[in-house]
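Some notes on the structure that comes next.
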Amino acid sequence: MNRVAFDNDLLAACERTHGVTALLAILLFIAIGCGWFLCVAVPAGAVWK
């Protein structure tokens, strides 16, 4: 049986949700990195000496 990956609305909705979740995970990773930089590297003098 040959079926297209997006043959119904439920599968299409799952793919959209997965894409949004992956994007949010990447943005969260970037936000955590920026937070670490501001809380640890800047007070330690790693930016301005």
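Bear in mind these aren't lab numbers, they're just calculated from the coordinates by the rules spelled out. Given the structure is predicted, the values throughout are model-derived calculations rather than measurements.
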When the Karplus curve 6.51 cos²θ - 1.76 cosθ + 1.60 is applied with θ = phi - 60°, which whole-Hz ³J(HN,Hα) does each residue of the range 33-39 get, with x for Gly and Pro? x, 5, x, 4, 4, 5, 7
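For residue 13 and residue 37, compute 0.36 nm times the residue count separating them, minus their Cα-Cα distance, and round to one decimal in nm.
Going from the current span to full extension adds 5.0 nm.
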